[in-house]
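This report refers to the structure that appears directly beneath it.
The values are calculated or read from the model by the stated rules, or taken from the named source; none is laboratory data. Because the structure is a prediction, the values reported are computed rather than measured. Virtual Cβ from ideal backbone geometry, glycine too; neighbours counted across all protein chains shown. Protein only, heavy atoms only, side chains kept; ligands, DNA and RNA dropped before computing areas. Shrake-Rupley method; radii C 1.70, N 1.55, O 1.52, S 1.80 Å.
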Amino acid sequence: MTKNDILRRIRYTFDYGDAKMMELFGSGGKQVTRAEVSDWLKKEDDPEYKEMEDEQLAAFLNGFINEKRGKKEGPQPEPEQRLNNNVILRKLKIALNLKDEDMLDILLLADFRLSKHELSAFFRNPSQSQYRPLKDQILRNFLHGMQIRYRGQGN
């Protein structure tokens with residue numbers, strides 16, 4: 001999955017306009033222009049399409065957390081320079097205040113079954129032997145389940 005695809009899916013699921021998207025990036029520590037947001041949201045075959053950097057998606061997700069949970073006191077976390085699917089899933093879990101059962105239910109909405117043990121492996125420290133990297137297929141199904149839960153059945 002591309003970072004741009006993740007951004008498009010979150011925008012669609014929560015029905016965010018360009019102004020709201022810019023606000024979320026700003027809240028997460030990156031000021032962006034409407035043109036940048038527009039280029040990131042375009043399809044890959046569009047000549048205006050621009051690929052997002054990890055740090056830009058991290059800033060958006062941090063802003064998404066601030067939007068859904070409220071800004072925490074003190075200095076805001078810096079956007080990560082490197083993102084992987086595990087970090088993205090963790091940020092979505094935090095933003096939406098989800099428990100493991102909620103996450104498994106969201107995956108079930110997309111007809112994807114996962115055990116609680118499999119899910120917990122994605123949130124472990126990468127140095128632990130039980131850690132598992134999150135595959136694109138699982139993140140894609142989670143985002144699809146989120147869309148069903150927060151927006152409704154429409155595609």
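Listing for the model above:
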| item | result |
| --- | --- |
| Condition broken by Asp15, with the remaining ones in (1) among the charged types (D, E, K, R); (2) surrounded by 17 or more Cβ atoms within 10 Å (Cβ to Cβ); (3) at positive phi satisfied | (2) |
| Any hit, the stretch 46-53, residues being assigned to a helix (DSSP H, G or I), of a type outside the set (Ser, Thr, Tyr) and at pLDDT 95 or above | no |
| In the stretch 20-38, the residues that are without any contact (Cβ under 8 Å) to a residue 24 or more places away in the chain and not in a loop (DSSP other than H, G, I, E, B) | Lys20, Met22, Arg34, Ala35, Glu36, Val37, Ser38 |
| Residue check, Asp111 of a type in the set (D, E, K, R), farther than 25 Å from Gln56 by Cα and assigned to a loop (DSSP other than H, G, I, E, B) | yes |
| Residue list for the stretch 142-155, restricted to those being closer than 21 Å to Lys3 by Cβ and open to solvent by less than 30 Å² (accessible area, probe 1.4 Å) | Phe142, Leu143, Gly145, Met146, Gln147 |
| Residues that are open to solvent by less than 70 Å² (accessible area, probe 1.4 Å) and under 15 Å from the mean Cα position of the chain (by Cα), drawn from the stretch 95-127 | Ala95, Leu96, Leu98, Met103, Ile106, Leu107, Phe122, Phe123 |
| Number of the condition not met by Arg90 [criteria: (1) open to solvent by 50 Å² or more (accessible area, probe 1.4 Å); (2) in contact (Cβ under 8 Å) with a residue 40 or more places away in the chain; (3) part of a helix (DSSP H, G or I)] | (2) |
| Hits in the stretch 34-85 (condition: farther than 19 Å from Tyr12 by Cα and open to solvent by 70 Å² or more (accessible area, probe 1.4 Å)) | Asp45, Pro47, Glu48, Glu53, Arg69, Lys71, Lys72, Glu73, Pro75, Glu78, Gln81, Arg82 |
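Residues are listed down the side, and each one gets a yes or a no for (1) among the charged types (D, E, K, R); (2) at pLDDT 95 or above; (3) farther than 24 Å from Gly63 by Cα; (4) outside any loop (DSSP other than H, G, I, E, B):
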| residue | (1), (2), (3), (4) |
| --- | --- |
| Leu98 | no, yes, no, no |
| Glu101 | yes, yes, yes, yes |
| Ser120 | no, yes, yes, yes |
| Arg124 | yes, yes, no, no |
| Leu134 | no, yes, no, no |
| Leu139 | no, yes, no, yes |
| Leu143 | no, yes, no, yes |
| Met146 | no, yes, no, yes |
